[in-house]
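Report on the following structure.
Every number in this text was worked out from the coordinates using simple rules, so none of it is lab data. Everything numeric here is computed off the predicted structure, so don't read it as measured data. Cβ coordinates were reconstructed from backbone atoms using ideal geometry, including for glycine residues, and neighbour counts include every protein chain displayed.
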Amino acid sequence: MDFVNLGAHCSVGYCKQQDFLPFLCDGCGKKFCLQHRCYREHKCSNVPVGNQVIICPLCGKGININYDADVNYLWEIHSQSSNCTQTFRVSCSNISCKKKLSEVNSITCNKCKKIVCLAHRFPDQHNCVAPKGNGFGCYVF
């Protein structure tokens, strides 16, 4: 088989490695091998201007990064700063369930106002007790 026409050669002058799945730079539009795919590695002259953000796995906040910055270094600085406070996630109100809740997998019960996971969303599955009224339209929990 002849593989000469497959893929493309790296656009870096001294490399010219043939890559069967080359990376297309969104800045300069040239094709690069795995080693030269980053803006920094091929010295891209037309780096796209825009915010690049990574999400901190501890606090969930976004960290702005520059195209030439080391992501690991920026995250390390962020994680040790006072801006990064680890958020503790709420778990399901059902005693036997330890599932951590987020916006996607939780629901607030209309009767007891407890936050439960989707598996325990029905009143008979999470020991639902409606709050008692005090006669003035206020409920005591």
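Residue 19's amide H: which non-local residues (gap 5+, or another chain) put their own amide H closer than 5 Å, with H modeled 1.01 Å from N in plane and none for Pro or chain starts?
Hits under the 5 Å cutoff: 8, 9, 10.
Could you list the GluC sites (Glu not before Pro) in region 11-116 that lie in coil according to DSSP, counting only those with at most 14 other Cβ atoms within 10 Å of their Cβ?
Loop-located and lightly packed - 103.
Please sort by residue number the chymotrypsin sites (Phe, Trp or Tyr not before Pro) in region 11-56 whose DSSP state is loop and whose Cβ has at most 11 other Cβ atoms within 10 Å.
The qualifying sites are 14, 20.
What are the residues whose amide H is under 5 Å from the amide H of residue 114, where those residues sit 5 or more places off or on another chain and H is modelled from the backbone?
Counting only residues 5 or more places away or on other chains, the set is 109.
Taking just the alpha carbons, could you work out the radius of gyration and Dmax for region 1-130, both in angstroms?
Rg, Dmax (Cα atoms, Å): 24.6, 74.
Evaluated at 4 °C with a viscosity of 1.567 mPa s, what Stokes-Einstein diffusion coefficient in µm²/s does region 1-48 have when Rh comes from the Kirkwood expression over alpha-carbon pairs?
The calculation lands on 119 µm²/s.
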